[in-house]
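Please treat every number below as a calculation from the coordinates, not as lab data. Being a predicted model, the structure only gives us computed values, none of them experimental. Reconstructed Cβ throughout: ideal geometry from the backbone, glycine too, with neighbour counts over all protein chains shown.
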Amino acid sequence: MEADAELLGRLRAGDEEAFVMLVARYQQPMLRLARSMVPSQAVAEEVVQDTWMGVVRGIERFEGRSSLKTWLFRILGNRARSVGAREPRHVPMESLHAVDPARFDRNGQWADPLERWVDESDDRLDATIWSPILKAALDSLSPQQRQVVMLRDMEGLSSAEVGAVLDISQGNQRILLHRGRSRLRAILESTMGKG
Amino acid sequence: MLSLRRRDIVCQQAVELVTDYLDGALSRRDRRRFENHLRACPNCSAYLEQIKITIELTGSIQPEDLTPQARTDIVELYRRWRSE
């Protein structure tokens, strides 16, 4: 992906190819995020299309105070919220533990040693192998956890940026991130044959 | 066996602090307790490493390519939006 500033210049100049590049890069992540915020795939697709229209029409007014990516996700978040109205404002209380309590002894210490993933010299940590597994794992998270994990860990937004996109407090965001990451780790662990 | 001081944390508590730790959101005291625990506990060090790898792998998920049809559709929309 080329630098924001250059891409922004091309977008403002009405460069069609620059726009297609932007869509190619963000269409799927935006669809995934929208899908977790609204009741159906059809509505999610509308929200994403609506976001692109907002981008085309608003690019003149975009001041570049945030990154282009954060701006895109903020537009998306706003549009999804305006049609979604299904997002509960509280953090659901499911899966309170980062790790299954059965993994600890009665003193709260690990009952069995943990495997060191980094010590493995084989290609078990190859990203292309784990992509499909992690995508499926993401789909198993609660919608709110998925939103936060996607924006923080897939898209690399900061905690403040994610707060603005999703309109949630830092505290709630961190709880959702913690539960989401913990669950992804557990799924990776069990897929690797342990746990 | 380690003799637990009153304010030491155990593994089951440590795993719940990992996200706050990585976000720099722990109080100075909790951060110290967490790091002390980590130094003494190879399992929790391994756990933190696993979480970091999980984050890294999540960040390297390959996005699907745009289908040719989706590309055509969006270009068509783009031209319409620009001309309106």
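For the range A:1-39, GluC sites (Glu not before Pro) meeting the loop criterion (DSSP other than H, G, I, E, B) and having at most 13 other Cβ atoms within 10 Å: A:Glu2.
By the beta carbon rule, with partners counted only under 4.7 Å, chain B holds these lone Cys residues: B:Cys11.
Fully extending the segment from A:Glu17 to A:Val83 would add 20.8 nm, taking 0.36 nm per residue of separation and subtracting the current Cα-Cα distance. Phi angles across the range B:18-33 convert, under the Karplus curve 6.51 cos²θ - 1.76 cosθ + 1.60 with θ = phi - 60°, into 3J(HN,Hα) values of 4, 5, 4, 4, 5, 8, x, 9, 7, 5, 4, 5, 5, 4, 5, 4 Hz, Gly and Pro given as x. In a simple Cβ point-charge model (Lys, Arg +1; Asp, Glu -1; nothing else charged), chain B has a dipole of about 680 debye relative to its Cα centre.
When each of the peptides A:172-181, A:23-32 is scored by the mean number of other C-beta atoms lying within 10 Å of its residues, the order from highest to lowest reads A:172-181, A:23-32.
When the chain is fully extended, how far beyond the present Cα-Cα distance does A:Gln41 get from A:Phe62, taking 0.36 nm per residue of separation?
On the way: separation 21, 0.36 × 21 = 7.56 nm, distance 2.84 nm.
Fully extending the segment from A:Gln41 to A:Phe62 adds 4.7 nm.
About its Cα centre, how strong a charge dipole does the protein assembly as shown have in debye, to the nearest 20, once Lys and Arg get +1 and Asp and Glu get -1 at the Cβ? Intermediate results must be reported in sequence, preceding the final value.
Details: 41 positive and 41 negative charges, 258 e Å.
Roughly 1240 debye, rounded to the nearest 20.
Structural size metrics of chain B, computed from C-alpha coordinates, are Rg and Dmax of 23.4, 75 Å.
Residues whose amide H lies under 5 Å from that of A:Phe104, counting only those 5 or more places away or on a different chain, are A:Ala111; hydrogens are built 1.01 Å from N in the peptide plane.
Relative to its residue count, chain A spans a Cα convex hull of 147 Å³ per residue.
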